[in-house]
Amino acid sequence: MVKKILVFFGLSLLTWPLAWADDDHQARFPRDATFTTLITTKFTIEGLTGDDRGNLYTTGRGVSPCPVWRISAAQPSLVTVGNVPAPCSPSGIAFDAKGDLFVADNDKVWTFSPDSSTPPTATIYATGVPGTNGLAFDRDGNLWTGDGTTGQGRVWKIPSGGGAGIEMFRVQPMSNEVNLNAAGVGGVGRDVRSLPPGAITVTPTTRNAQNALGSQPLVANGVAFTHGGDLLIADTARGAIWKVEMDRDGSIRSRTGCDATFTANTLCLDNILVAHPYLEGVDGIALDAAGNIWADPNERNAIVVVTKKGDVVEVFRNPTNAAGLRNEGPLETPTSPFLLGDKFCTANSDGNRRDNFPSTAGEIAPATPAQIADGTAKQGKISCMDQRLHIPGMRLPL
């Protein structure tokens, strides 16, 4: 079996993490980046990962069962390598050190080997992880995931070998349940609202926010481990990235319990590594070999890098079209970045909100059953940057 570990040829495994350390002239990012569509998919997609043979992997949604596809970056086509049983709505996807694939789906994680002669049906690896989204393995083979759109900020560790998720800590949610009235309405905190589906009416004397469907509660989204073993978490609602310091034995070193209105295992706000308007709506994250964080701020149709020194650099954002919108460019709600050696690619889910509204514009759009049946549907896509990365992706899994 060929292990699905991203390896950088020409670099010693002992020296590769240091090859680009603190070297500003080599740590440049494209100033005039451009993107090209690698492939479109007839179903919507979200997660993205890759192997050491130049292949990307993603999962179809909105169909039962949900296919898992392999796509060659050199000769792109959709090859089904496995299926997630119905009912399914997969998001995160990751390889372990043995070369098995793991797929986050609703409240469980599935696994299978993508090298079988016949595409297998995935089997349950983990349960008790409602809202599971991003996936990342630590150096001991434990799988970590967050609770996604449930908005509670829970982060679980699934021990090597699988089983029930163990709640390790919580990212501080946007609001808590203090000060509720008899009808359960109230709370303390704030509401991040995306337009649309939220709406705001403005008059000379008032400003009224409407339609709570625009609320964005998601604070534990994409996850990734640094080379030193600390856990990074994308906070979609805040436009932030948290850094959780961990000991070699996997215990949490970061402070928790600073705010008594949240659970005792809730991270203190000083664990936020960076918060920036460029990161609004940040979804998936991926690291390069120097420790820079590549991020998909999906609501802005943009690609952003947080450097090892903490600088925030916008590498690309869709240009405006004739209508003054950014919903027709090469990015259409980017969700999951992956650095395939020196090639940067991202999945696009075509969400119908903020910069990508209305989602009917652009290259991909919601499809009818007839379009899906006749093969003309284009509901998801993978976009790749035309320029090569100066710094390749981090070797995975750690």
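Scanning the range 193-234 for residues that are open to solvent by less than 30 Å² (accessible area, probe 1.4 Å) and of a type in the set (Val, Ile, Thr) yields Val219, Val223, Thr226, Ile233. Counting only residues that are assigned to a loop (DSSP other than H, G, I, E, B) and on the phi > 0 side of the Ramachandran plot, which one in the range 345-389 is most open to solvent (accessible area, probe 1.4 Å)? So the residue we want is Gly375. Looking only at the range 303-336, residues that are touching a helix residue (DSSP H, G or I) at 6+ places or on another chain (Cβ under 7 Å), open to solvent by less than 20 Å² (accessible area, probe 1.4 Å) and assigned to a strand (DSSP E or B) come to 3 in all.
Matching residues to (1) in a loop (DSSP other than H, G, I, E, B); (2) free of Cβ contacts under 8 Å to residues at least 60 places away in the same chain; (3) surrounded by fewer than 16 Cβ atoms within 10 Å (Cβ to Cβ); (4) under 19 Å from the mean Cα position of the chain (by Cα):
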{"site": "Phe29", "(1), (2), (3), (4)": "yes, no, no, no"}
{"site": "Tyr57", "(1), (2), (3), (4)": "no, yes, no, yes"}
{"site": "Ser64", "(1), (2), (3), (4)": "yes, yes, yes, no"}
{"site": "Arg70", "(1), (2), (3), (4)": "no, yes, no, yes"}
{"site": "Ala74", "(1), (2), (3), (4)": "yes, yes, yes, no"}
{"site": "Gly82", "(1), (2), (3), (4)": "no, yes, no, no"}
{"site": "Pro87", "(1), (2), (3), (4)": "yes, yes, yes, no"}
{"site": "Ala94", "(1), (2), (3), (4)": "no, no, no, yes"}
{"site": "Lys98", "(1), (2), (3), (4)": "yes, no, yes, no"}
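Which residues, taken from the range 300-313, are within 17 Å of Ser383 (Cα to Cα) and not hydrophobic (A, V, I, L, M, F, W, C)? Once the filter is applied, which keeps residues that are within 17 Å of Ser383 (Cα to Cα) and not hydrophobic (A, V, I, L, M, F, W, C), the range 300-313 yields Arg300, Asn301. Per the listing Ala286, Ala237, the residue uniquely assigned to a loop (DSSP other than H, G, I, E, B), surrounded by 23 or more Cβ atoms within 10 Å (Cβ to Cβ) and either of a type outside the set (A, V, I, L, M) or in contact with a Pro (Cβ under 8 Å, 6 or more places away or on another chain) (or both) is Ala237. Which one is most open to solvent (accessible area, probe 1.4 Å), of the residues in the range 265-283 that are assigned to a strand (DSSP E or B) and not small (Gly, Ala, Ser)? Taking the candidates together, the pick is Leu273. Within the range 132-164, if we keep just the residues that are within 12 Å of the chain's Cα centre (by Cα) and not in a loop (DSSP other than H, G, I, E, B), the residue that is nearest to Leu396 (Cα to Cα) turns out to be Ala136. Regarding Arg53, is this residue outside any loop (DSSP other than H, G, I, E, B), of a type in the set (Lys, Arg) and at negative phi? So Arg53 does not fit the description; no.
The values are calculated or read from the model by the stated rules, or taken from the named source; none is laboratory data. None of these values were measured; they are calculated from a predicted model. When we count neighbours, we look across all protein chains shown, and the Cβ atoms used for this are built from the backbone with ideal geometry, even at glycine. In case anyone asks, the SASA skips ligands and DNA or RNA and just uses the protein heavy atoms, side chains included. Shrake-Rupley method; radii C 1.70, N 1.55, O 1.52, S 1.80 Å.
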